[in-house]
Amino acid sequence: MIRTICVHSFRAGTGKTHIIANIAVQMAQRGLRVGIIDADLYAPGMHRLFGLDPAAIMHCLNHYLRGESELARTVYRVDAGLDPFTREPIGLAGAVYLVPACSRLEAINRVWQEGYDLDLLHEAVSRLVIDLNLDYLLIDTHPGANEQYDILTAVFADLLLLTLCDDDQHFEGTAILLDGIRKLDDSNTYIIINRSPYYTDLEGVQRRVLERFGLELVARLPVSVELMLLGSSGIYTCYAPDDPWVGGIGQLLDFICRISV
């Protein structure tokens, strides 16, 4: 049974943070209880999408990983205030909880210099599912193919979604990443193409993914100028529920639910 989902990429700028946030909100719209861990300790940003002020984050994932805080104190409920116009609660049937990472420079530099306890991160993933009675826990990672942190976190999840853009550099980098993943386990790994041009032939992209990676393409999300303009100001699902990109997230969620049983 799938409960933990990691969305990872080789390169930065693939939009995986937006993908995770929108999956979470659409899950909550369906009445599910969802958690998110911002494990991108080197460049955190999930808190911005949910309107969580860094000044209000008194305890975060960094504190837990250093043994300076209980895990429960790092959890923030973020499904309130998602209405794009009023910032009032929109009455989601479920709930979204976030464990943010610290965005202060000194905290980021400390991670670069000292690293972090990966076993504690994995423990947090397991505990949050139970403690918060979650249907799903989503993990946002730092992009790359670091075997000490990135890959071990990616393969720890029940489901791994590798995100890339339809670009030769992204395909090459993802192939490098998969070389590391396959040393451990790629049995439940799938591909997402984000920011795909509308004119791109879907069957051609599916064939290219299968030939290059030997994996199934489960979502091709179209490029969205409106999403780019929104930036990190909110959850796009709440702004433009009828947008094709948002619909693509819904189809991805349908896939996740199908294989979770």
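Side notes on the structure shown:
Yes/no matrix, rows are residues, columns are (1) among the basic types (Lys, Arg); (2) within 20 Å of MET228 (Cβ to Cβ); (3) modelled with pLDDT of 95 or more:
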| site | (1), (2), (3) |
| --- | --- |
| HIS18 | no, yes, yes |
| ALA21 | no, yes, yes |
| ARG33 | yes, no, yes |
| ILE37 | no, no, yes |
| PHE50 | no, yes, no |
| ALA55 | no, no, no |
| ASN62 | no, no, yes |
| LEU65 | no, no, yes |
| ASP79 | no, no, no |
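- Here is the figure for the stretch 41-71: residues that are touching a Ser or Thr at 6+ places or on another chain (Cβ under 7 Å) and either assigned to a strand (DSSP E or B) or surrounded by fewer than 21 Cβ atoms within 10 Å (Cβ to Cβ) (or both) total 5.
- Subset of the stretch 199-246 (residues that are loosely packed, with under 15 Cβ neighbours inside 10 Å and either under 21 Å from the mean Cα position of the chain (by Cα) or hydrophobic (A, V, I, L, M, F, W, C) (or both)): LEU202, LEU210, GLU216, VAL225, GLU226, MET228, LEU229, GLY231, SER232, SER233, PRO241, PRO244
- Within the stretch 147-176, tally of residues that are over 20 Å from TYR136 (Cβ atoms), within 17 Å of the chain's Cα centre (by Cα) and of a type in the set (A, V, I, L, M): 3
- Among residues of the stretch 238-249, those that are in contact (Cβ under 8 Å) with a residue 60 or more places away in the chain and closer than 16 Å to ARG195 by Cα, counted: 2
- Residue match in the stretch 211-225 (condition: touching a strand residue (DSSP E or B) at 6+ places or on another chain (Cβ under 7 Å), of a type in the set (Phe, Trp, Tyr) and farther than 17 Å from VAL7 by Cα): no
- Some residue of the stretch 160-169 being more than 28 Å from PHE50 (Cβ to Cβ), in contact (Cβ under 8 Å) with a residue 60 or more places away in the chain and of a type in the set (S, T, N, Q): yes
- Every condition in (1) without any contact (Cβ under 8 Å) to a residue 12 or more places away in the chain; (2) touching a Lys or Arg at 6+ places or on another chain (Cβ under 8 Å) is met by GLY51 except one, and the failing one is (1).
- Criterion: under 17 Å from PHE10 (Cα atoms) and either in contact (Cβ under 8 Å) with a residue 24 or more places away in the chain or assigned to a helix (DSSP H, G or I) (or both) - qualifying residue of LEU210, LEU215: LEU215
- Some residue of the stretch 92-107 being of a type in the set (D, E, K, R) and either crowded, with 21+ Cβ neighbours inside 10 Å or under 17 Å from LYS16 (Cα atoms) (or both): no
The values are calculated or read from the model by the stated rules, or taken from the named source; none is laboratory data. Source: prediction; values computed, not measured. Virtual Cβ from ideal backbone geometry, glycine too; neighbours counted across all protein chains shown.
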